[in-house]
Amino acid sequence: MTYARHAVKLIALLLLTATAAAAQPEQPLKIVTSIKPLALLTQAVAPADTEIHTLIPAGASPHTYQLRPSDRRALADADLILWVGPELETFLEHLLESPEMKDRTLALMPDDIKTHEGAHEEHAEHHEDPEHEHHDEAGRDHAAEEEHEHHHHGVDPHVWLDPQIALTMTRAIEARLAQVRTDQADAMAGRLADFETGLEMTEGDIRNRLASLHDVDIFTYHDAFRRFAEHYGLHVSQALTLTPERSPGARHLAKVREELGGAAHPCLMTEPQFSRDWWQGLTEDLNLTITTWDPLGSDIPLERDGYLQFQQSLADAALSCLGE
């Protein structure tokens, strides 16, 4: 009888322990994103208890950012690390290639874009007319060097600005999260379906709003706005600088000023991440509208519909080109 009582007590204790373990809430998913727009796409589909840490803060640029100790700790603790890829966040390239990071990392630059645009750039380089190149005494084409540095392997890395590419990226995020949290897969699939519906409605609204901008000549600080503009049929004439890491040369600035002066309705769209000091003299005595847009959505709240708000903010900035 004594043995039986001990056996019963042991079974009861094991059941109690198992019940207590089952009752323990699952640890929140810890996700690190390189830039805020990727956090917005993640928030649209991720479980409610997901913790998202974004590396690049408001006012900083992915082209020049340097990791802080807190960023390195967040990367070490992350269940999943999301970045566009080496085409944009060059400061992460070598770190995320390490074995301890690689299995937890998802690059979101679509493969078809890398293949298509990279091949297009290679074709253009082999068929460039040498008479139109600008060289210094050492024979270097500085404009080509700058363009190559900014668009790694010839690819425009600002893919999150095009809502259809962003949708592809969101599907990739949802698929990866469903592998990590299988018990939440159905709920995340439902959130993805809601996101797709909301994005379609937002696109239609923005397309109608931007119809009045088709005659505006848009000039940008650097060539980052083009994916959004081309998706909605807007015209980007020129960028002030080919790469934001360095000030442009006098020849390029003269060309931009000439195009600004000759445009019927020019609008210069600057970015909060970069200083205005060097280019203010460029626009003196020119009749143009100057507005600001933020490709990183720094002020957009991290909410389920945050990316939709981000798209609307880009449309608002473009509409500011019309002035009063």
| Using modelled backbone amide H atoms (1.01 Å from N, in-plane), which distant-in-sequence or interchain residues come within less than 5 Å of Thr105's amide H? | Ile81
| request: List the residues whose amide H sits under 5 Å from the amide H of Ile290, counting only those 5 or more places along or on another chain, with H placed 1.01 Å from N in the peptide plane. | output: Leu268
| request: Please give the net charge around Gln164, taking every other residue with its beta carbon less than 15 angstrom from that of Gln164, where Lys and Arg add +1 and Asp and Glu add -1. | output: -3
| said: For the ranges 299-311, 158-170, what's the packing order if you count other beta-carbon atoms within 10 Å of each residue, average per peptide, and put the highest first? | reply: 158-170, 299-311
| Distance in nm between label sites at Thr115 and Thr182, each 7 Å beyond Cα in the beta-carbon direction? | 3.1 nm
| message | Highest mean first, how do 80-87, 236-243, 67-74 rank when packing is the count of other Cβ atoms within 10 Å averaged over residues? | response | 80-87, 236-243, 67-74
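Every read-out reported here was derived from the displayed coordinates using simple, explicitly stated rules and does not represent laboratory data. All of these numbers come straight from a predicted model, not from anything done at the bench. All Cβ positions, even for glycine, are placed from backbone atoms using ideal geometry, and neighbour counts span all protein chains on display.
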